[in-house]
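Student: Have a look at this one.
The values are calculated or read from the model by the stated rules, or taken from the named source; none is laboratory data. Keep in mind it's a predicted model, so treat the numbers as computed, not measured. Cβ: placed from backbone, ideal geometry, glycine included. Neighbour counts: every protein chain shown. For accessibility, only protein heavy atoms count, side chains too; no ligands or nucleic acids. Shrake-Rupley method; radii C 1.70, N 1.55, O 1.52, S 1.80 Å.
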Amino acid sequence: MKRTDLSKYNNSWYKPGNIIKRTLWYWTNALVFNHSLIPISGIKVFLLKCFGAHIGKGVVIKPCVNIKYPWKLSIGENTWIGEQVWIDNLDTVTIGANCCLSQGVLLLCGNHNYTKETFDLMIGPITLEDGVWIGAKSTVTANTLCKTHSVLAINSVASNSLEAFSIYRGNPALKVKDRVMN
């Protein structure tokens, strides 16, 4: 039986952006986004746009947010990004309009292939359509589509598509009821 051998790990195929841009973003993220020193959303939106993110009007970004690569990020109008959200976007993350990512949400575009001795990197996009609410401390994994106005309840894990106007809970997240809006 083969065993994992991390000395053979090689993700040289993965090209997230040039080293200068990544280094500048690393320090910008550390000094402005990933702590509470600068709580002003407007400055954060401006900086994200400078680094290539597509950001709509009225976006609110709370303190202590961590974003891996803004050039792989798109956020629609009037979306809220809560405290301690981590957007680990090794691949594209598209967040629609009027979405809410509550405190501590993790959008995770990467993983490792545990069936390979080389533990290969695997990546995939995440799409949150308009009106999606991701509850506090929840995780959305690569290749997941949360359809319009779906809800992922607190501390849940979404690894597949969530139906529109539906509420999901658990790990793995299962549909518990329809989302009825008054």
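Student: Scan Lys68, Lys57, Lys21 and give me the residue that is under 13 Å from the mean Cα position of the chain (by Cα), modelled with pLDDT of 95 or more and among the basic types (Lys, Arg).
Tutor: Numbers: Lys57 fails: under 13 Å from the mean Cα position of the chain (by Cα); Lys21 fails: under 13 Å from the mean Cα position of the chain (by Cα).
Checking each option against the conditions leaves just Lys68.
Student: What are the pairs, 6+ residues apart or on separate chains, where a residue within region 77-91 that is free of Cβ contacts under 8 Å to residues at least 60 places away in the same chain and farther than 17 Å from Pro63 by Cα has its Cβ under 6 Å from a residue that is assigned to a loop (DSSP other than H, G, I, E, B) and open to solvent by less than 10 Å² (accessible area, probe 1.4 Å)?
Tutor: Asn89/Cys109; Asp91/Cys109; Asp91/Gly124
Student: Can you name every residue in region 46-87 that is touching a Pro at 6+ places or on another chain (Cβ under 7 Å) and open to solvent by 20 Å² or more (accessible area, probe 1.4 Å)? Before you say what the answer is, go through the steps one by one.
Tutor: In the first step, residues of region 46-87 are kept if they are touching a Pro at 6+ places or on another chain (Cβ under 7 Å); the result is 48, 51-53, 63, 69, 83.
Result: Phe51, Gly52, Pro63, Tyr69, Glu83.
Student: Among the residues of region 119-151, write down those that are open to solvent by less than 20 Å² (accessible area, probe 1.4 Å) and either in contact with a His (Cβ under 7 Å, 6 or more places away or on another chain) or among the β-branched types (Val, Ile, Thr) (or both). Working first, answer last.
Tutor: Filtering region 119-151 down to residues open to solvent by less than 20 Å² (accessible area, probe 1.4 Å) leaves 124, 126, 128, 131-132, 134-135, 138, 140, 144, 146, 150-151.
Scanning region 119-151 gives Ile126, Gly131, Val132, Ile134, Val140, Thr144, Val151.
Student: Another question, then. Can you go through Ile40, Ile61, Ile67, Ile20 and tell me which one is of a type in the set (A, V, I, L, M), more than 19 Å from Gly110 (Cβ to Cβ) and in contact (Cβ under 8 Å) with a residue 12 or more places away in the chain? Let's see the steps before the verdict.
Tutor: Values: Ile40 fails: in contact (Cβ under 8 Å) with a residue 12 or more places away in the chain; Ile67 fails: more than 19 Å from Gly110 (Cβ to Cβ); Ile20 fails: in contact (Cβ under 8 Å) with a residue 12 or more places away in the chain.
Exactly one of Ile40, Ile61, Ile67, Ile20 is of a type in the set (A, V, I, L, M), more than 19 Å from Gly110 (Cβ to Cβ) and in contact (Cβ under 8 Å) with a residue 12 or more places away in the chain, namely Ile61.
Student: Further question: Inside region 155-182, can you point out the residues that are open to solvent by less than 70 Å² (accessible area, probe 1.4 Å) and either of a type in the set (Ser, Thr, Tyr) or at pLDDT below 95 (or both)? Let's see the steps before the verdict.
Tutor: Going residue by residue through region 155-182, those that are open to solvent by less than 70 Å² (accessible area, probe 1.4 Å) are 156-159, 161-162, 164, 166-168, 170, 173, 176, 179.
Matches in region 155-182: Ser156, Ser159, Ser161, Ser166, Tyr168.
Student: Need pairs with beta-carbon distance below 7 Å; first residue among the charged types (D, E, K, R) and within region 125-154, second outside any loop (DSSP other than H, G, I, E, B); sequence gap 6+ or separate chains.
Tutor: Here the result reads Glu129/Cys146; Lys147/Leu162, each pair linking region 125-154 to a residue that is outside any loop (DSSP other than H, G, I, E, B).
Student: Separate question: Quick check: is even one residue across region 104-124 over 19 Å from Leu145 (Cβ atoms), modelled with pLDDT of 95 or more and under 15 Å from the mean Cα position of the chain (by Cα)?
Tutor: Scanning region 104-124 turns up at least one residue that is over 19 Å from Leu145 (Cβ atoms), modelled with pLDDT of 95 or more and under 15 Å from the mean Cα position of the chain (by Cα).
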